[in-house]
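Single-structure report; data block below.
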Amino acid sequence: MTEPQQEPLPAPVHCTFAVDRVSRDPATTAWKQRARSGQARWREAHGHPIGAHPYRGGSKATPVGSRLELGFARSSGANFLTPGALAAVRARLAAPEKYQMISEERLWADLLSSMPLCFNLFGDLASSHEAATRAVRAWWPDAPDAPESDRTEVRFEYSPGRRDPSFLGNQSAFDAAFEIAMGSDKRAIVGIETKYHEHAIAEPAPKAAALARYAEVTERSGVFVEGWRERIVGTDLQQIWLDHLLVLAMLQHPSRKWAWGRFVLTYPEGNPSFAGAAARYREVLRDEGTFEARTLEGLVGTPGVLPDETASALRERYFPWGRAP
(Lines give C-alpha, C1' and ligand atoms only; values in the text may rest on other atoms or scores of the structure.)
Protein backbone atom coordinates (compact mmCIF):
# COMPACT_ATOMS: atom_id res chain seq x y z
CA MET A 1 0.00 0.00 0.00
CA THR A 2 1.36 3.40 -0.90
CA GLU A 3 2.04 5.49 2.17
CA PRO A 4 -0.01 8.70 2.22
CA GLN A 5 1.91 11.88 1.47
CA GLN A 6 2.79 13.81 4.60
CA GLU A 7 3.31 17.54 4.33
CA PRO A 8 5.98 18.83 6.70
CA LEU A 9 4.72 20.76 9.70
CA PRO A 10 6.67 23.53 11.41
CA ALA A 11 8.33 22.28 14.57
CA PRO A 12 7.25 23.78 17.89
CA VAL A 13 10.01 25.11 20.12
CA HIS A 14 12.32 22.79 22.05
CA CYS A 15 11.80 19.90 19.66
CA THR A 16 15.11 19.68 17.80
CA PHE A 17 17.35 17.00 19.29
CA ALA A 18 20.22 14.97 17.87
CA VAL A 19 18.68 11.77 19.25
CA ASP A 20 16.03 11.96 16.52
CA ARG A 21 18.59 11.77 13.71
CA VAL A 22 19.08 8.22 12.42
CA SER A 23 22.25 7.79 10.40
CA ARG A 24 21.68 7.03 6.70
CA ASP A 25 17.90 6.82 7.23
CA PRO A 26 16.25 10.12 6.33
CA ALA A 27 12.74 8.63 6.29
CA THR A 28 12.99 7.42 9.88
CA THR A 29 14.62 10.68 10.94
CA ALA A 30 11.71 12.58 9.42
CA TRP A 31 9.22 10.34 11.21
CA LYS A 32 10.90 10.79 14.59
CA GLN A 33 11.00 14.56 14.20
CA ARG A 34 7.39 14.61 13.07
CA ALA A 35 6.24 12.49 16.00
CA ARG A 36 8.07 14.64 18.55
CA SER A 37 6.71 17.84 17.05
CA GLY A 38 3.21 16.38 17.01
CA GLN A 39 3.32 15.66 20.74
CA ALA A 40 4.64 19.13 21.52
CA ARG A 41 1.92 20.65 19.37
CA TRP A 42 -0.70 18.63 21.24
CA ARG A 43 0.71 19.85 24.57
CA GLU A 44 0.67 23.46 23.42
CA ALA A 45 -2.89 23.17 22.10
CA HIS A 46 -4.06 21.95 25.50
CA GLY A 47 -2.13 24.58 27.42
CA HIS A 48 -0.03 22.10 29.40
CA PRO A 49 3.29 23.29 30.91
CA ILE A 50 6.49 22.21 29.18
CA GLY A 51 8.71 19.53 30.69
CA ALA A 52 12.46 19.07 30.78
CA HIS A 53 15.46 16.79 30.64
CA PRO A 54 16.03 15.55 33.27
CA TYR A 55 12.39 15.13 34.18
CA ARG A 56 12.78 16.81 37.57
CA GLY A 57 14.11 19.98 36.00
CA GLY A 58 16.62 22.23 37.69
CA SER A 59 18.84 25.16 36.78
CA LYS A 60 20.75 23.16 34.17
CA ALA A 61 17.75 21.31 32.71
CA THR A 62 16.91 21.43 29.01
CA PRO A 63 13.30 22.24 28.03
CA VAL A 64 11.68 19.43 26.03
CA GLY A 65 8.57 20.29 24.07
CA SER A 66 7.34 16.71 24.01
CA ARG A 67 7.29 16.40 27.80
CA LEU A 68 5.01 17.66 30.54
CA GLU A 69 6.30 19.41 33.65
CA LEU A 70 6.65 16.51 36.08
CA GLY A 71 4.74 17.90 39.04
CA PHE A 72 1.84 18.92 36.82
CA ALA A 73 1.91 15.54 35.07
CA ARG A 74 1.70 13.59 38.31
CA SER A 75 -1.07 15.72 39.81
CA SER A 76 -3.21 16.05 36.68
CA GLY A 77 -2.69 12.76 34.85
CA ALA A 78 -2.71 14.85 31.66
CA ASN A 79 -0.62 12.29 29.73
CA PHE A 80 -3.65 10.00 29.74
CA LEU A 81 -6.56 10.64 27.45
CA THR A 82 -9.47 9.08 29.35
CA PRO A 83 -10.44 8.31 32.95
CA GLY A 84 -10.16 4.62 32.04
CA ALA A 85 -6.56 4.99 30.92
CA LEU A 86 -5.62 6.90 34.07
CA ALA A 87 -7.38 4.34 36.26
CA ALA A 88 -5.42 1.55 34.55
CA VAL A 89 -2.14 3.38 35.23
CA ARG A 90 -2.95 3.83 38.90
CA ALA A 91 -4.04 0.21 39.26
CA ARG A 92 -0.83 -1.06 37.66
CA LEU A 93 1.42 1.15 39.79
CA ALA A 94 -0.43 0.00 42.89
CA ALA A 95 0.45 -3.62 42.10
CA PRO A 96 4.23 -3.69 41.51
CA GLU A 97 5.82 -6.92 40.30
CA LYS A 98 9.28 -8.23 41.07
CA TYR A 99 11.89 -7.11 38.51
CA GLN A 100 9.43 -4.91 36.64
CA MET A 101 10.90 -2.12 34.54
CA ILE A 102 8.52 0.84 34.76
CA SER A 103 9.93 4.35 34.70
CA GLU A 104 7.27 6.34 36.53
CA GLU A 105 8.71 9.69 35.47
CA ARG A 106 8.55 8.67 31.82
CA LEU A 107 5.08 7.21 32.27
CA TRP A 108 3.64 10.38 33.77
CA ALA A 109 5.51 13.07 31.84
CA ASP A 110 6.83 11.82 28.48
CA LEU A 111 4.23 12.50 25.81
CA LEU A 112 6.31 10.71 23.18
CA SER A 113 6.80 7.46 25.04
CA SER A 114 5.06 4.29 23.91
CA MET A 115 4.41 3.40 27.56
CA PRO A 116 1.64 5.96 28.12
CA LEU A 117 0.46 5.29 24.56
CA CYS A 118 -0.16 1.69 25.56
CA PHE A 119 -2.38 2.74 28.47
CA ASN A 120 -4.18 5.27 26.26
CA LEU A 121 -4.84 2.60 23.64
CA PHE A 122 -5.96 -0.26 25.89
CA GLY A 123 -6.83 1.39 29.22
CA ASP A 124 -10.56 1.76 28.53
CA LEU A 125 -10.76 -2.00 27.99
CA ALA A 126 -9.08 -2.93 31.27
CA SER A 127 -12.03 -2.20 33.55
CA SER A 128 -14.54 -4.25 31.57
CA HIS A 129 -14.12 -7.95 30.85
CA GLU A 130 -16.90 -7.73 28.29
CA ALA A 131 -15.16 -4.86 26.46
CA ALA A 132 -11.88 -6.79 26.52
CA THR A 133 -13.61 -9.86 25.08
CA ARG A 134 -15.21 -7.78 22.30
CA ALA A 135 -11.82 -6.27 21.48
CA VAL A 136 -10.19 -9.69 21.14
CA ARG A 137 -13.01 -10.92 18.89
CA ALA A 138 -12.72 -7.84 16.67
CA TRP A 139 -8.93 -7.56 16.51
CA TRP A 140 -8.04 -11.28 16.58
CA PRO A 141 -11.08 -13.21 15.39
CA ASP A 142 -9.10 -16.46 15.17
CA ALA A 143 -8.24 -16.36 18.91
CA PRO A 144 -10.10 -18.87 21.09
CA ASP A 145 -13.37 -17.66 22.56
CA ALA A 146 -13.74 -17.17 26.29
CA PRO A 147 -16.67 -19.35 27.44
CA GLU A 148 -18.03 -16.33 29.27
CA SER A 149 -17.60 -12.62 28.58
CA ASP A 150 -15.99 -12.07 31.98
CA ARG A 151 -13.04 -14.34 31.28
CA THR A 152 -10.70 -11.94 29.43
CA GLU A 153 -8.15 -9.85 31.38
CA VAL A 154 -6.12 -6.89 30.13
CA ARG A 155 -2.66 -6.67 31.72
CA PHE A 156 0.04 -4.02 31.42
CA GLU A 157 3.82 -4.45 31.53
CA TYR A 158 3.11 -8.14 31.88
CA SER A 159 5.37 -11.16 32.09
CA PRO A 160 4.40 -14.62 33.35
CA GLY A 161 7.74 -14.80 35.18
CA ARG A 162 10.60 -12.31 34.91
CA ARG A 163 14.00 -14.01 35.25
CA ASP A 164 12.22 -17.36 35.49
CA PRO A 165 14.36 -19.94 33.63
CA SER A 166 11.27 -21.99 32.80
CA PHE A 167 10.31 -19.11 30.49
CA LEU A 168 13.26 -17.10 29.11
CA GLY A 169 15.21 -16.27 32.26
CA ASN A 170 15.30 -12.58 31.33
CA GLN A 171 13.18 -9.52 32.08
CA SER A 172 11.18 -9.49 28.85
CA ALA A 173 7.59 -8.33 29.26
CA PHE A 174 4.71 -7.36 27.05
CA ASP A 175 3.60 -3.73 27.05
CA ALA A 176 0.06 -5.08 27.23
CA ALA A 177 -1.51 -8.50 27.11
CA PHE A 178 -4.97 -9.95 26.70
CA GLU A 179 -5.27 -13.20 28.63
CA ILE A 180 -8.28 -15.32 27.78
CA ALA A 181 -9.58 -18.03 30.12
CA MET A 182 -10.61 -20.88 27.83
CA GLY A 183 -11.98 -23.24 30.47
CA SER A 184 -10.40 -26.35 32.00
CA ASP A 185 -7.66 -24.13 33.45
CA LYS A 186 -6.33 -23.34 29.97
CA ARG A 187 -5.41 -19.85 28.82
CA ALA A 188 -4.79 -18.04 25.55
CA ILE A 189 -2.47 -15.02 25.39
CA VAL A 190 -2.09 -12.07 23.04
CA GLY A 191 1.11 -10.27 24.01
CA ILE A 192 1.59 -6.78 22.55
CA GLU A 193 4.63 -4.59 21.99
CA THR A 194 3.67 -0.99 21.23
CA LYS A 195 5.99 1.34 19.31
CA TYR A 196 5.61 4.99 18.41
CA HIS A 197 8.62 7.31 18.12
CA GLU A 198 11.20 4.51 18.48
CA HIS A 199 13.16 2.92 15.65
CA ALA A 200 14.53 -0.60 15.40
CA ILE A 201 18.19 -0.74 16.42
CA ALA A 202 20.76 -3.52 16.39
CA GLU A 203 21.43 -4.95 19.84
CA PRO A 204 24.47 -6.86 21.12
CA ALA A 205 24.12 -10.62 20.84
CA PRO A 206 22.99 -12.27 24.10
CA LYS A 207 25.56 -14.02 26.27
CA ALA A 208 26.12 -17.68 25.58
CA ALA A 209 23.95 -19.12 28.37
CA ALA A 210 21.00 -16.88 27.55
CA LEU A 211 21.38 -17.49 23.82
CA ALA A 212 21.33 -21.25 24.40
CA ARG A 213 17.93 -20.97 26.09
CA TYR A 214 16.59 -18.65 23.37
CA ALA A 215 17.79 -21.06 20.69
CA GLU A 216 16.11 -23.96 22.48
CA VAL A 217 12.74 -22.16 22.48
CA THR A 218 13.23 -21.07 18.87
CA GLU A 219 14.03 -24.55 17.56
CA ARG A 220 11.36 -26.28 19.60
CA SER A 221 8.68 -23.93 18.24
CA GLY A 222 9.23 -25.02 14.66
CA VAL A 223 8.12 -21.64 13.32
CA PHE A 224 11.48 -20.31 12.07
CA VAL A 225 13.26 -20.97 8.80
CA GLU A 226 16.74 -22.45 8.47
CA GLY A 227 19.46 -19.90 9.09
CA TRP A 228 17.36 -17.82 11.50
CA ARG A 229 20.29 -17.24 13.86
CA GLU A 230 22.41 -15.31 11.37
CA ARG A 231 19.45 -13.18 10.34
CA ILE A 232 18.27 -12.27 13.85
CA VAL A 233 20.92 -12.45 16.56
CA GLY A 234 22.74 -9.16 17.03
CA THR A 235 20.55 -7.36 14.47
CA ASP A 236 17.69 -4.89 14.66
CA LEU A 237 15.28 -7.86 14.65
CA GLN A 238 16.56 -9.21 17.95
CA GLN A 239 14.16 -7.30 20.20
CA ILE A 240 11.15 -8.42 18.14
CA TRP A 241 12.44 -12.00 18.35
CA LEU A 242 12.83 -11.91 22.15
CA ASP A 243 9.29 -10.58 22.60
CA HIS A 244 7.97 -13.25 20.23
CA LEU A 245 9.95 -15.89 22.15
CA LEU A 246 8.12 -14.96 25.35
CA VAL A 247 4.85 -16.11 23.79
CA LEU A 248 6.54 -19.24 22.43
CA ALA A 249 8.05 -20.02 25.84
CA MET A 250 4.60 -19.71 27.40
CA LEU A 251 3.21 -22.19 24.88
CA GLN A 252 6.07 -24.58 25.71
CA HIS A 253 5.86 -24.13 29.48
CA PRO A 254 5.74 -27.37 31.52
CA SER A 255 2.51 -26.23 33.20
CA ARG A 256 0.70 -26.49 29.85
CA LYS A 257 -1.34 -23.52 31.02
CA TRP A 258 -1.30 -21.63 27.71
CA ALA A 259 -2.89 -23.46 24.78
CA TRP A 260 -2.84 -20.64 22.22
CA GLY A 261 -0.73 -17.53 21.84
CA ARG A 262 0.27 -14.69 19.56
CA PHE A 263 2.78 -11.86 19.74
CA VAL A 264 1.58 -8.61 18.16
CA LEU A 265 3.92 -5.79 17.18
CA THR A 266 2.02 -2.54 16.68
CA TYR A 267 3.40 0.75 15.35
CA PRO A 268 2.23 3.84 13.43
CA GLU A 269 1.91 3.37 9.69
CA GLY A 270 4.23 6.36 9.25
CA ASN A 271 7.09 4.69 11.16
CA PRO A 272 9.23 3.24 8.34
CA SER A 273 11.74 1.60 10.66
CA PHE A 274 9.31 -0.80 12.31
CA ALA A 275 7.31 -1.30 9.13
CA GLY A 276 10.51 -2.50 7.48
CA ALA A 277 11.62 -4.56 10.48
CA ALA A 278 8.25 -6.31 10.66
CA ALA A 279 8.44 -7.22 6.97
CA ARG A 280 11.96 -8.61 7.36
CA TYR A 281 10.98 -10.53 10.49
CA ARG A 282 8.18 -12.28 8.62
CA GLU A 283 10.81 -13.53 6.17
CA VAL A 284 12.47 -15.61 8.90
CA LEU A 285 9.18 -17.33 9.81
CA ARG A 286 7.88 -20.44 8.16
CA ASP A 287 4.66 -20.19 10.19
CA GLU A 288 3.22 -16.75 11.05
CA GLY A 289 0.43 -18.05 13.30
CA THR A 290 2.12 -16.78 16.48
CA PHE A 291 3.27 -13.41 15.08
CA GLU A 292 1.39 -10.42 13.75
CA ALA A 293 2.25 -6.83 12.87
CA ARG A 294 -0.55 -4.24 13.10
CA THR A 295 -0.62 -0.48 12.69
CA LEU A 296 -1.95 1.74 15.44
CA GLU A 297 -4.25 3.34 12.91
CA GLY A 298 -5.69 -0.05 12.05
CA LEU A 299 -6.39 -0.94 15.68
CA VAL A 300 -7.95 2.44 16.46
CA GLY A 301 -10.02 2.35 13.28
CA THR A 302 -11.58 -1.07 13.92
CA PRO A 303 -15.32 -0.41 14.37
CA GLY A 304 -17.00 -1.19 17.66
CA VAL A 305 -13.90 -1.72 19.82
CA LEU A 306 -12.96 1.58 21.41
CA PRO A 307 -15.48 4.22 22.51
CA ASP A 308 -15.84 6.89 19.83
CA GLU A 309 -14.46 9.60 22.10
CA THR A 310 -11.39 7.48 22.89
CA ALA A 311 -10.71 6.76 19.23
CA SER A 312 -11.06 10.47 18.41
CA ALA A 313 -8.70 11.45 21.22
CA LEU A 314 -6.12 8.90 20.04
CA ARG A 315 -6.27 10.23 16.48
CA GLU A 316 -5.91 13.82 17.63
CA ARG A 317 -3.00 12.96 19.87
CA TYR A 318 -0.97 10.39 17.92
CA PHE A 319 -1.67 10.80 14.22
CA PRO A 320 -3.45 14.12 13.60
CA TRP A 321 -1.98 14.40 10.09
CA GLY A 322 -3.93 11.41 8.77
CA ARG A 323 -7.21 9.65 9.21
CA ALA A 324 -7.39 6.08 10.48
CA PRO A 325 -9.25 3.76 8.12
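The values are calculated or read from the model by the stated rules, or taken from the named source; none is laboratory data. Since we're looking at a predicted model, the values are computed, not measured. In this analysis, Cβ positions are derived from the backbone assuming ideal geometry, glycine residues included, and neighbour counts consider all displayed protein chains. Heavy atoms of the whole protein, side chains included, go into the accessibility calculation; ligands, DNA and RNA do not. Shrake-Rupley method; radii C 1.70, N 1.55, O 1.52, S 1.80 Å.
Key figures for this structure:
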item: Estimated inter-spin distance, GLU219 and VAL19, nm [label 7 Å along Cα→Cβ]; result: 4.0
item: Of LYS60/LYS207; LYS98/LYS207; LYS60/LYS98; LYS98/LYS195, pairs whose Cα-Cα distance is over 30 Å; result: LYS60/LYS207; LYS60/LYS98
item: Charge tally in the Cβ shell below 14 Å around PRO96, where Lys, Arg are +1 and Asp, Glu are -1, PRO96 excluded; result: +2
item: The chain, dipole about Cα centre (Lys/Arg Cβ +1, Asp/Glu Cβ -1), debye to the nearest 20; result: 720
item: Solvent-accessible heavy-atom area per residue, rounded to whole Å², over the chain at 1.4 Å; result: 45
item: Chain lengthening between GLN100 and ARG163 when straightened (0.36 nm per residue, less Cα-Cα); result: 21.7 nm
item: From the C-alpha gyration tensor of the stretch 50-186, square roots of 5λ in Å; result: 32, 18, 11
item: Dmax and Rg, reported as Rg then Dmax, of the chain (C-alpha, Å); result: 19.6, 59
item: Lys/Arg +1, Asp/Glu -1 at C-beta; the stretch 223-325 dipole; positive extreme among GLY261, PHE291, ILE232; result: GLY261
item: Rel. contact order, % - alpha carbon contacts under 8 angstrom, at least six apart, the stretch 107-206; result: 25
item: Extension gain, LEU93 back to GLU226 (0.36 nm per residue minus Cα-Cα distance, nm); result: 43.7 nm
item: Label-point separation, THR62 to ALA279 (7 Å along Cα→Cβ), nm; result: 3.3
item: Carbon/sulfur fraction of accessible area - the chain, other protein chains in place, 1.4 Å, %; result: 51
item: Global size of the stretch 230-325 as Cα Rg and Dmax, reported in angstrom; result: 15.9, 48
item: Within the chain, percent of DSSP bridges classed antiparallel, to nearest 5; result: 60
